[in-house]
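These notes concern the structure reproduced below.
The values are calculated or read from the model by the stated rules, or taken from the named source; none is laboratory data. Please read these numbers as outputs of a predicted model, since none were measured by experiment. Cβ placement follows ideal geometry from the backbone for every residue including glycine, while neighbour counts extend to all protein chains displayed. In case anyone asks, the SASA skips ligands and DNA or RNA and just uses the protein heavy atoms, side chains included. Shrake-Rupley method; radii C 1.70, N 1.55, O 1.52, S 1.80 Å.
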Amino acid sequence: MISTVYAITLVGIGLVMAVFYFVIINSKKTEADYQSITKKWYGVRSKWFIFLLALGIIVTFASLNPFPIPDQHKEYSSNDYQTVAVNGHQWYWTMTPATVKSGQPVEFQVSAADVNHGFGIYDENLVLIAQTQAMPGYTNKLIHTFDKPGKFKILCLEYCGLAHHVMITELIVE
Ligand code: CUA
């Protein structure tokens, strides 16, 4: 009887030792595996980071548009540009000259005599093609090249008082 208990105890101790041994062996093996996995995926992670960085830079530059407003301080060459002086008044436009040529860029020098107006150029279908603010004390440069002749409408784009809606004039492009 005692020898049976002794045998069971020994076998039990042996089994527990075997389990411990198994766990120890496998834990070391797992640690080694884990290290190799870590090393491998850290490499992937840094490549992924470089890929995302490059993608970000490429997408940023590929989606850049030229700044839509011309350089306000640049002196545009009088040989290459036609110049039109525009002044907004309550409630009419003065525009000198009121006729320009197509195919050559026009520099509109836009200002206002009294309050803020909005200088908007519309084509024959009343589609807005270019615009800038007309402000007292400032001259805003707006550059536009008309690609074909036609009659264009100038409308005021900013509410400037009672007769704002009658601030309409015509620009002829030859
Ligand atoms: Cu000028 Cu509205």
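Worth pointing out:
- Ranking Asp33, Asp147, Asp123 from most to least accessible surface, computed with a 1.4 Å probe over the protein chains only, gives Asp147, Asp33, Asp123.
- Helical content of the chain, expressed as a calculated mean residue ellipticity at 222 nm, amounts to -13500 deg cm²/dmol (DSSP H runs of 4 or more residues, -39,500 (n - 2.57) each, divided by residue number, nearest 500).
- Carbon + sulfur, % of accessible area of the chain - ligands and nucleic acids excluded, 1.4 Å: 66
- Put a dot 7 Å past the Cα of Phe49, heading toward its Cβ, do the same for Thr145, and the two dots end up 4.6 nm apart.
- Here the simple spin-label model places points 7 Å from the Cα toward Cβ, and for Lys74 and Ser3 these points are separated by 10.8 nm.
- Only Cα pairs under 8 Å and 6+ residues apart enter the sum, and on that basis the relative contact order of the chain stands at 18 percent.
- Interatomic Cα distance distribution for the stretch 78-174, bins of 5 angstrom, percent: 3, 15, 26, 28, 17, 8, 3, 0, 0
- The 1.4 Å probe gives accessible areas that order Leu142, Leu155, Leu126, Leu162, largest first, as Leu162, Leu126, Leu155, Leu142.
- Highest to lowest packing among 20-26, 92-98, scored as the average C-beta count within 10 Å: 92-98, 20-26
- Within the stretch 1-149: Cβ-based charge dipole about Cα centre, in debye rounded to nearest 20 (Lys, Arg +1; Asp, Glu -1): 1140
- Taking all protein chains together and rolling a 1.4 Å probe, Val16 ends up with roughly 80 Å² accessible.
- Calculated on alpha-carbon atoms, Rg and Dmax of the stretch 11-78 in Å: 30.3, 105
- Only protein heavy atoms count here; under a 1.4 Å probe, Ile13 has an accessible surface of about 90 Å².
- Comparing the chain with the 2.2 N^0.38 Å rule of thumb, its C-alpha radius of gyration ratio is 2.51 (two decimals).
- Rounded accessible area of Ser63 (nearest 10 Å², 1.4 Å probe): 80
- Alpha-carbon gyration tensor eigenvalues x 5, square-rooted, for the stretch 39-126, Å: 49, 16, 13
- Annotation: amide H-H contacts under 5 Å for Val115 (H modelled 1.01 Å from N, sequence separation of 5 or more, or interchain): Gln90.
- FRET efficiency for Ile57 and Gln104, using Cβ-Cβ distance with R0 set to 41 Å, rounded to 0.05: 0.65
- Order of exposure, largest accessible area first, which applies to Ser78, Ser27, Ser111 with probe 1.4 Å: Ser78, Ser27, Ser111
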